[in-house]
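Nothing in this text is a laboratory measurement; each read-out follows from the coordinates by a stated rule. In this text, all values refer to a predicted model and were calculated from it rather than measured experimentally. Glycine also receives a Cβ, built like all others from the backbone with ideal geometry; neighbour counts cover every protein chain displayed.
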Amino acid sequence: MLKVRIIPVLSFNGFGLVKTKKFSNPRMVGNPVQAARVYNSRGVDELVFVDIFASSQKRKINLKLVADVIKECYMPVAIGGGIETIEDINNLLKIGADKVIIKTKALLDTKFIEEAVAFFGSQCISIAIDAYATTEGYKIFNKLNIEISLEDFVNQMISCKVGEFVVTSVDNDGMMDGFDIDLIKQVIQLTNIPIIATGGGGGMEHYNELFSQTKVQAVGSASIFHFTQFTPLDIKNELKSIGIPVRI
Amino acid sequence: MVAIIDYGMGNVASVQKALNFLKIENVITDDHEVIKEAKTILLPGVGSFVQGMKNLNDRGLVELLTDEVIVRKKNFIGICLGMQLIMEKGMEPFESKGLGWVKGSVVKFELQDLNVPHMGWNNIQVLNDTYYKECQTDDFYFIHSYHVVPESKKDIATTVNYGFDVVASIQKGNIFATQFHPEKSQNAGLSLLKTFFEINA
């Protein structure tokens with residue numbers, strides 16, 4: 001049986017690991033290579049590493065650093081940040097990334113996403129869906145002044161045949177008071193493409209709620225691992241206790 | 001020496017890292033002479049079937065690899081796309097010819113209630129345990145939208161249940177290939193690779 005995945009998310013600001021709240025106020029939380037080493041030794045299911053400022057600061061991701069992070073990992077790694085060309089993707093795959101996570105370029109150029117899927121296969125291309133709630137429903141957070149609804153963006157990406165969605169609630173990011181279950185449910189209703197839900201995990205009850213109320217395949221978390229004693233294994237034990245399949 | 005075939009299709013670095021960890025001498029190469037000298041050929045790969053075959057053809061590797069593996073019976077291990085390419089034909093994104101070392105095809109998942117790609121950790125059922133004896137756990141990492149359908153059930157080493165019994169690895173003489181990624185499957189994957197290279201040392 002396919003197991004649900006518990007995925008630590010490392011957000012990078014160009015210098016070190018940071019953790020945001022509602023996508024603002026990045027707080028330094030450590031060194032990415034050390035963090036990757038610890039997560040590998042704990043046997044986590046997968047790792048996500050995103051340079052969250054690469055696109056807005058018009059930087060390319062630091063390939064040397066990403067290579068050092070991936071070197072620590074004998075599990076799958078997804079990398080995101082500033083990806084704009086086929087060559088960018090190829091450079092990341094060459095140093096051992098399994099998937100790339102794209103957002104800004106996906107908002108600007110759906111043709112590029114189609115091209116990337118044709119070249120590397122669906123399974124390689126994940127799309128970050130950063131959504132916030134408004135009175136008119138969920139919209140996609142971005143710094144480009146592009147206004148697009150959750151539904152429209154997800155449907156565009158489905159038609160590009162992408163392989164995965166990393167769905168983050170901007171409102172719940174870093175707040176550690178639970179996941180945005182409605183957001184996850186809305187995306188699941190639109191598609192059968194696998195989803196990683198992120199944003200809001202702070203206690204065992206939140207993971208319990210997420211997996212018992214939705215059919216999500218994976219959860220990504222950062223704050224709970226940075227700021228509490230809980231480990232990915234604690235979350236797996238909690239899920240196992242309610243009959244959710246996990247890899248222990 | 002293991003020749004990890006470099007044909008511009010993805011995850012060579014991860015495969016090399018796993019072999020280095022196991023202290024297995026290896027080289028990433030598309031050099032015909034180096035491949036001829038190697039004791040074992042490892043074909044990794046991520047991407048579409050058509051692109052994979054095109055890249056092998058562009059480097060003159062289709063004839064060379066076929067000669068080494070089928071005629072000279074060199075040890076071969078294929079991973080993910082490197083497993084799919086050994087079949088006769090693929091459908092990604094349209095029907096096209098593969099290396100044809102194992103009879104059968106590669107087809108897209110057609111599942112009503114399950115997500116495609118099949119992505120994540122799933123447990124395998126072992127039919128031929130030659131290389132699996134040292135694995136402590138049976139969960140391996142899968143990530144694929146197409147799956148292999150061999151003509152002969154005898155060629156199937158392991159299966160994985162995802163809506164139905166999907167082929168997870170193939171073993172046929174000197175040919176071994178996995179749909180999952182042993183290099184990404186932590187201890188279980190490293191144990192599998194260790195056993196394969198010990199037996200074929």
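With Cβ to Cβ distances under 14 Å as the rule, what net charge do the other residues near residue A:17 carry (K, R +1; D, E -1)? Provide the component values of the computation, followed by the final result.
Numbers: positive: A:19, A:27, A:37; negative: A:51, A:68, A:72.
Cβ neighbours under 14 Å give a net charge of 0.
Rounded, prolate or oblate for the range A:71-137? Axes are the square roots of the Cα gyration tensor eigenvalues, ordered a ≥ b ≥ c, and the cut-off for rounded is a/c under 1.5.
Note, shape of the range A:71-137 comes out oblate.
In the Gaussian network model of chain A, springs joining C-alpha atoms below 10 Å, which of A:61, A:193, A:146 carries the largest mean-square fluctuation?
In the Gaussian network model the winner is A:146.
Need one number: nm distance between label points at residue A:135 and residue A:109, each 7 Å from Cα along Cα→Cβ, rounded to one decimal.
Roughly 3.7 nm, to one decimal.
Using only the C-alpha atoms of the range A:166-248, find the volume of their convex hull and express it per residue in Å³.
85
Find which of A:69, A:172, A:208 sits farthest along the positive direction of the dipole of the range A:5-241, computed with +1 on the beta-carbon of Lys and Arg, -1 on that of Asp and Glu, about the Cα centre.
My answer, from the dipole projection, is A:69.
Mind pulling up the Rg/Rh value for chain B? Radius of gyration and Kirkwood radius, both on Cα.
Rg/Rh: 0.93.
Could you tell me whether the range A:1-127 comes out rounded, prolate or oblate from its Cα gyration tensor? Rule is a ≥ b ≥ c as square roots of the eigenvalues, rounded for a/c under 1.5, then prolate if a/b exceeds b/c, otherwise oblate.
oblate
Taking 7 Å along the Cα-to-C-beta vector as the label spot, tell me the residue A:13-residue B:165 distance in nanometres, rounded to one decimal.
In this crude spin-label approximation the distance works out to 5.4 nm.
What shape does the protein assembly as shown take by its C-alpha gyration tensor, where a ≥ b ≥ c are the square roots of the eigenvalues and a/c under 1.5 counts as rounded, a/b above b/c as prolate, and the rest as oblate?
prolate
Run lengths n ≥ 4 of DSSP H only: what is the helix-derived mean residue ellipticity at 222 nm for chain A, with -39500 (n - 2.57) per run over all residues, to the nearest 500? Don't jump to the answer; show the numbers that get you there.
Details: 10 runs with 89 residues, N = 248.
It lands at -10000 deg cm²/dmol.
For chain A, what is the Kirkwood hydrodynamic radius in Å, using each pair of distinct C-alpha atoms? The partial results should precede the final answer.
Details: mean 1/r = 0.0559 Å⁻¹.
For chain A, the Kirkwood estimate is 17.9 Å.
Within a 10 angstrom radius of each residue's Cβ in B:10-20, how many Cβ atoms of other chains show up on average? Whole number is fine. Could the numbers behind the result be given before it?
On the way: counts 11, 7, 4, 8, 11, 1, 1, 7, 1, 0, 1.
Mean inter-chain Cβ contacts per residue within 10 Å come to 5.
As an exercise, identify the GluC sites (Glu not before Pro) in the range B:1-103 lying in DSSP coil whose Cβ has no more than 15 other Cβ atoms within 10 Å.
B:25, B:95
Please work out the Cα center distance from the range B:65-112 to the range A:32-48, rounded to the nearest Å.
After rounding, the separation between the Cα centres reads 33 Å.
Take the alpha-carbon centre of the range B:179-194, take the same for the range A:118-163, and report the distance between them in whole Å.
Taking the Cα centre of each part, the range B:179-194 and the range A:118-163 sit 33 Å apart.
What length, rounded to one decimal in nm, is gained on full extension from residue B:58 through to residue B:129, with 0.36 nm per residue of separation minus their alpha-carbon distance?
Full extension from residue B:58 to residue B:129 adds 21.9 nm.
How much net charge surrounds residue A:80 when only other residues with a Cβ under 14 Å from its Cβ are counted (Lys, Arg +1; Asp, Glu -1)?
Residues near residue A:80 contribute -2 overall.
In peptide B:110-122, how many Cβ atoms from other protein chains are near each Cβ within 10 Å, on average? Mind showing how you got there, number by number?
Values: counts 0, 1, 1, 2, 3, 11, 7, 8, 3, 16, 12, 12, 5.
Averaged over the peptide's residues, the number is 6.
How big is the dipole moment of the range B:59-114 about its Cα centre under a simple scheme where the beta carbon of each Lys and Arg is +1, that of each Asp and Glu is -1, and everything else is neutral? Debye, nearest 20, please.
That gives the range B:59-114 a dipole magnitude of about 300 debye.
Under a 10 Å cutoff between Cα atoms, tell me which one of A:62, A:90, A:25 has the largest fluctuation in the Gaussian network model of chain A.
It is A:25.
Using Cα pairs under 8 angstrom and six or more residues apart, how large is the relative contact order of the range A:5-241, in percent?
18
Write down the percent of antiparallel bridges among all DSSP beta bridges whose residues are both part of chain B, to the nearest 5.
60
From the helices alone, meaning DSSP H stretches of at least four residues, give me the mean residue ellipticity at 222 nm for chain B, per-run term -39500 (n - 2.57), in deg cm²/dmol to the nearest 500.
That calculation yields -7000 deg cm²/dmol at 222 nm.
Using a 10 angstrom cutoff on alpha carbons, build the Gaussian network for chain B and name the most mobile of B:184, B:23, B:74.
In the Gaussian network model the winner is B:23.
Grab the other residues whose beta carbon is less than 14 angstrom from that of residue A:116, score K and R as +1, D and E as -1, and report the net.
It works out to a net charge of -2.
When averaged across all projection directions, what area in nm² does the alpha-carbon convex hull of the range B:132-201 cover?
The Cα convex hull of the range B:132-201, projected and averaged over all directions, gives 5.0 nm².
Report the longest stretch of chain B that contains none of the chymotrypsin sites (Phe, Trp or Tyr not before Pro) sitting in a DSSP loop with at most 13 other Cβ atoms within 10 Å. Don't skip to the answer; put the middle values down first.
Working: sites that count: B:94, B:164.
Result for the longest clean stretch: B:1-93.
Could you name the lysines whose alpha carbon sits less than 19 Å from that of residue B:97, not counting residues in the same chain fewer than 8 places away?
Correct list for residue B:97: B:54, B:89, B:108.
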